[in-house]
Amino acid sequence: MKKRLSLILATTAALFCFAQPALADDFICEGSIGSRSIDDNIKVPNGASCALNGTRVDGNIEVHRRASLRMNGAKIDGNVISEGASQIHISNSRIDGNIEAKTYTPSLTVSGTAVDGNIVCEDGTRLKGSNNRVDGNIECRNK
């Protein structure tokens, strides 16, 4: 009986010592996503291209170094964040958060889009676009 109890205690201790917390995986976008819902954050990895056409995203979108994002008719329940992206083009979409390009993004275009938050562009990012509705502020400046 003592051996069995020792074995159970040792096994339990080992499980607690080596257990890893469950981490939510981000959805990696490399290519095109059509009219579907994604209940997760989207990451566009370094150098990749992502196109969202009629896509609904319940999370944030992060566009990493030298990556590009094209959105048309998308609905984002979160933020669109550039982490040194080469280009971000958003048209005929709805963003329920902010659009942020706080690191240099050579091409940031927003057209025909409703933004419930702010559009922030810094570090030399140039914002282009027309026919938008922005409920927050538009702030573009060089640091």
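Coordinate-derived values only; no laboratory data. What you see is a predicted model, and the numbers here were worked out from it, not measured in a lab. As a convention, Cβ positions derive from the backbone with ideal geometry for all residues, glycine included, and neighbour counts pool all protein chains shown.
Here are the numbers:
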read-out: Considering only the stretch 27-141, percent of DSSP beta bridges that pair antiparallel, nearest 5; value: 0
read-out: Vicinal HN-Hα couplings computed from phi for the stretch 44-51 (Karplus, 6.51 cos²θ - 1.76 cosθ + 1.60; Hz; Gly/Pro x); value: 9, x, 3, x, 8, 10, 9, 10
read-out: Vicinal HN-Hα couplings computed from phi for the stretch 93-100 (Karplus, 6.51 cos²θ - 1.76 cosθ + 1.60; Hz; Gly/Pro x); value: 10, 10, 10, 7, x, 9, 10, 10
read-out: Cα gyration tensor category, rounded, prolate or oblate, for the stretch 27-141 with a/c compared to 1.5; value: oblate
read-out: Distance between modelled label sites at ARG66 and ASP116, nm, 7 Å Cα→Cβ extension; value: 3.6
read-out: Net charge, ASP58 excluded, C-beta distance under 11 Å - Lys, Arg +1, Asp, Glu -1; value: -2
read-out: Residues whose placed amide H lies under 5 Å from that of ILE119, excluding near-sequence neighbours; value: ILE99, ASN137, ILE138, GLU139
read-out: For CYS50, distant residues with modelled amide H under 5 Å away; value: GLY31, SER68, LEU69, ARG70
